[in-house]
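The values are calculated or read from the model by the stated rules, or taken from the named source; none is laboratory data. Just so we're clear, the structure is a prediction, and the values are computed from it rather than from any experiment. Glycine also receives a Cβ, built like all others from the backbone with ideal geometry; neighbour counts cover every protein chain displayed. The protein model used for the area step is the full one, side chains on, heavy atoms only, and it has no ligands, DNA or RNA in it. Shrake-Rupley method; radii C 1.70, N 1.55, O 1.52, S 1.80 Å.
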Amino acid sequence: MLGRTKRALLDFCLSCVSPPPEADRAGTRQSSPPSSLEDERTLAEVGASEKPRTMHPALAIYDIVVNIAAFLEPADAVALGRASRGTFFAVLPRVWAQVPAVRHLVPIAAAAQRSRWSLYAPHIQSLIFDELDTRTSAPIPWTAFHALHGDGALPLLPCLKRLVWKSNTARGTTAILPFVNPDSLRRLEIALSDYFSVDTSPARQLLEQLTSRSLGLHSCKLSMLEDSPLEQPVAEDLLHAVKTFLTTQTTLQEVALSPSLLSLAVVGQLAMIKSLSSFTISGRDPLEPMLEEGVTSQCKLPFGSLRTMETHHVGIGTCSAVLQRSHLQMLSKIRVWTTYLPSVDALSSFIASAAQLNRLEALFLSVNAVIPLEEERYDYMLPASALHPLRSCHQLSTLELHLVCPTILEVDDVHSMATAWPQLQVLRMSGAGCDGLAYRSRLDFRALIPFTEFCPRLQSLQLDINADLCGLDLDSLRAVGYANHTALRTLDVGWSWWAPDGPSPEDVADVLTDIFPNEHFRLVWSIQLPTRIARRWATVYEILTPC
């Protein structure tokens, strides 16, 4: 019923609700639900102080108000809740579903507000505690929450599904326990400072107590808040606590761990979780001890259900080690984003390891590192031959390689790639910080033809393609009609070269129109191009994109 008239009904309902109090109008419109509801006036006070307004009959239907509240910001939902007693209770789930900070719960945790806690707490599904939040310096009165918790028979938040906890003190880690409900909690994120790499007892005790509660988590993230590699490895007792905690999590589907919290035993325990589908390693440590262990061990880790693997910041060797040391029958997506500069051999080894996966569908690699001034950029150029192992991955649909130096491809290389990957949807290959005019791509417009012939699902293409129409037989292309089978929406010509005596922008636009007659087609080029070339591509863009 709300489908066609939802917007009109929503506007009418909002015009009927009572305005916020002066204190709320004077301040900012925050999205934090507790700060808005802490000042709510009773319905009797609203009726006595303001002129009654005619309320839309739809507001008397509980389900309709719930649907309306789902499209509102928390502050607007609070205003709607003031319309009547029925709307007040209907918007509570929307207003209190996500609490952005524990400090918003402090006013209703006092002994005099027990009834308000009982009213609001059952609706809270997501809670965040960030001890490093600079917006407030007032300490959290944990004693009030412990008083509410009483003997611990019932959790403070019985319906809590997601808990994010970032702490740099031992006190903060122990305060997490009263909020945890083993029957409802499904997503847990704990981030500890590097202080715990020195004194591991608080974090170890926390993990032990969480282990004893037999949580049924679907997603778990354990990380360290380090901005740089730790000065010393994490103690073995903390690694053992992590392993023991993971032993009880038989329903995990997603896991994210810092490399400082990983060991071969921890990874081995993860491999035993049959429901695990996503594994992420994120942190600043290079994880060298694990690599050394992995090389000497003969048994492979049985990741039977893992479908997605990601690494952030850590060296590319970490992902290569896991790929080489594991049975990954179901792995189909790999994402690697590293701030460590890998050698060409390391890149080639990683790609070769990924090519061993029979079900590989998506491969993303981004190197965000700086080449030392005393070294040559082209020493880090990945040769086209390093991509040859991927030709056996016929299910590949996404390939993105963002390296420090672009890979120089020939037209024959592109033809082999297009024929090997008929399911290709995204192909993006770029190099950061090209050396200006010292770099020249060897691809011209002939490189686009194989994609129109062999990759009908291709939607996004990024290659360094020069504005060169030599050798392009448009008559035969139009006769075959390959262009009718392409779905390309975005073409990024990257670091393109356009000779001064090259074709005119009008001719280039005509060729692109013939090859990709898609009304949603969009042209992109590198912002680092020389001004003369960038202006020519801008002219092509204006021709292809009429007002």
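Out of the helices (runs of 4 or more DSSP H) lying entirely within the stretch 375-485, which hold 1 or more residues that are touching an Asp or Glu at 6+ places or on another chain (Cβ under 9 Å), at pLDDT 90 or above and not basic (K, R)?
Answer list for the stretch 375-485: 411-420.
Looking only at the stretch 402-417, decide whether some residue is touching a residue at least 12 places away in the same chain (Cβ under 8 Å), among the small types (G, A, S) and either touching a His at 6+ places or on another chain (Cβ under 6 Å) or open to solvent by 10 Å² or more (accessible area, probe 1.4 Å) (or both).
There is at least one residue in the stretch 402-417 that is touching a residue at least 12 places away in the same chain (Cβ under 8 Å), among the small types (G, A, S) and either touching a His at 6+ places or on another chain (Cβ under 6 Å) or open to solvent by 10 Å² or more (accessible area, probe 1.4 Å) (or both).
Taking the stretch 359-374, which residues are assigned to a loop (DSSP other than H, G, I, E, B) and within 25 Å of S277 (Cα to Cα)?
Passing the criteria: R359, L360, E361.
Take the residues in the stretch 328-380 that are basic (K, R) and open to solvent by 80 Å² or more (accessible area, probe 1.4 Å), then tell me which one is nearest to I316 (Cα to Cα).
R335
When you go through (1) among the hydroxyl-bearing types (S, T, Y); (2) open to solvent by less than 50 Å² (accessible area, probe 1.4 Å); (3) in contact with a helix residue (DSSP H, G or I) (Cβ under 7 Å, 6 or more places away or on another chain) one by one for S397, which number turns out not to apply?
If we test S397 against (1) among the hydroxyl-bearing types (S, T, Y); (2) open to solvent by less than 50 Å² (accessible area, probe 1.4 Å); (3) in contact with a helix residue (DSSP H, G or I) (Cβ under 7 Å, 6 or more places away or on another chain), just (3) comes out false.
Looking only at residues in the stretch 507-540 that are touching a residue at least 40 places away in the same chain (Cβ under 8 Å) and aromatic (F, W, Y), which one is farthest from G431 (Cα to Cα)?
It comes out as F516.
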